[in-house]
Amino acid sequence: MDKRQNMMANYPMNKLLLKFSIPAIIGMLVNALYNIADGIFIGKGVGALALGGVTIAMPIMLVMMSIALMVGVGASASISRRIGEGNIEGAEKLLGEAVALNLIINFIFTIIIFVFMDKILIMCGATPNIFFYAKEYMNVIAFGILINSFAMSSNHTIRAQGNAKTAMVSMVLGAVVNIILDYVLIFIFKMGVTGAALATIISQLCSAVWILMYYLNGRSMLKIRISNMKFTIENVKEIVSMGMATFFRQISGSLLMIIVNNTLVYYGNDYYVVALGIINRVMMFMFMPIYGIVQGFQPIAAFNYGAKKFKRVQESLKYANIYATILSIGGFLIVLIFPIQVMKIFTDDQTTIDIGVDALSMMIWGLPVVGIQAIGASWFQAIGKATESVVLTISRQIIILIPLVIILPNFIGVNGVFYSYPISDIGSFFITLVLLAKENIALRNHRIQEEF
């Protein structure tokens, strides 16, 4: 057992979770800061409607993310369990197949985007006022889909090996480059949303090169080998099934944005789309520390589950829920107290600010419990229970949120969109509690059997 494996198996759980989560939180926060800066630079350097155009393009990017994260998260959970079992060769085979699978699927997706771009943007809710900005952005960003997807997916397989700091550096590197290039290309070279898209591609290329160097210079426990990229039915099925919850979460997010954008335009106007685009960036910034806990927690839980250390598995779940809840409440309080200041960071347009402040006052009331829901979905991925993980993932967005977004505006107008969010957050929280309680009983029984 090497140093990292020994740490995963024996280090005090509360300290281990922080050790793995803090680098992930830093990386995610810096990444979210890039997203915030991107919104500020576009909103103030190009205009509110340009920010709306980028918002329209986001469902397309979420599809790319759904593929990359399905493969990365699915492979990482399986890789961690293989390492916990001492099966390094099997873990390396999974890594090779994950890299190949991610690139092949996203290559096909890239071709689809270029062929059907206009129709897809209109389907995503692009109006005549913001279509030009959306297409200008996607014409550039589509060239970087393969690079972006490789960097995003590989970050998870790096964490699966117990190397959270390398994954953090990759994210920080990309975010810092993106922020610098955003300013240079938008404000100095006056390249508008094209500059924002170029900044994103170049920054992701920097992250991808960093990751390749990590895998090729001997620092990685596992190696990317061409010989391991030949698909096996068993491994592909395992990667996809373990990552399916993440895929559904991201793809349902894309579907949700399409429905929300079209609903906001129908019951409101373009500025509602702009305001929600700002709110989505703010929410992403608040959720990133929670996802940092998730990313630190998952390899720990998966490793110890594979090593049959069920007491440590339960401890990891307990501390992850505590830390995630603290972060959820903190984010809720910030938005509750400073809604006007939050909106003014992105735009000086008073119409957008007024709409955004009203929307935030309706949307935030489920935020204190979203951490537990995120941990719950990740938990079932970590221990290899794909069905429960998928149920938790689709419960919030597909089963509850999307139907509410469609139904409520018929009765209360555009505000129905915003009230749908806290209702779905609270509903999915209770579903999570039921499934976690059931699984906790099963784990306790495993521990009793081990002791005897």
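We did not get these values from a lab; they are worked out from the coordinates using the rules stated. Everything numeric here is computed off the predicted structure, so don't read it as measured data. Note that we place each Cβ from the backbone using ideal geometry, even for glycine, and neighbour counts take in every protein chain shown.
Let's see how each residue does on (1) surrounded by fewer than 17 Cβ atoms within 10 Å (Cβ to Cβ); (2) under 30 Å from Tyr271 (Cβ atoms); (3) not aromatic (Phe, Trp, Tyr):
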| residue | (1), (2), (3) |
| --- | --- |
| Tyr11 | yes, no, no |
| Pro23 | no, no, yes |
| Ala32 | no, yes, yes |
| Asp38 | no, yes, yes |
| Phe41 | no, yes, no |
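Looking across Ser76, Ser149, one residue alone is among the hydroxyl-bearing types (Ser, Thr, Tyr) and out of contact with any Ser or Thr (no Cβ under 6 Å at 6 or more places or on another chain). It is Ser149.
Residues that are of a type in the set (Ser, Thr, Tyr) and surrounded by 19 or more Cβ atoms within 10 Å (Cβ to Cβ) within the range 365-409 comprise Ser378, Ser389, Thr393, Ser395, listed in sequence order. Is there any pair with a first residue in the range 195-224 that is in contact (Cβ under 8 Å) with a residue 60 or more places away in the chain and over 19 Å from Ser149 (Cβ atoms) and a second that is not in a helix (DSSP H, G or I) and not charged (D, E, K, R) whose Cβ atoms are under 7 Å apart and which are 6 or more apart or on different chains, and what are they? So the pair list comes out as Ser220/Gln161; Met221/Gln161; Leu222/Gln161. Considering only residues that are outside any helix (DSSP H, G or I) and on the phi > 0 side of the Ramachandran plot, look in the range 168-226 and name the one that is surrounded by the fewest Cβ atoms within 10 Å (Cβ to Cβ). This residue is Gly218. Residue check: is Asp348 over 27 Å from Gln314 (Cα atoms), in a loop (DSSP other than H, G, I, E, B) and charged (D, E, K, R)? It is true that Asp348 is over 27 Å from Gln314 (Cα atoms), in a loop (DSSP other than H, G, I, E, B) and charged (D, E, K, R).
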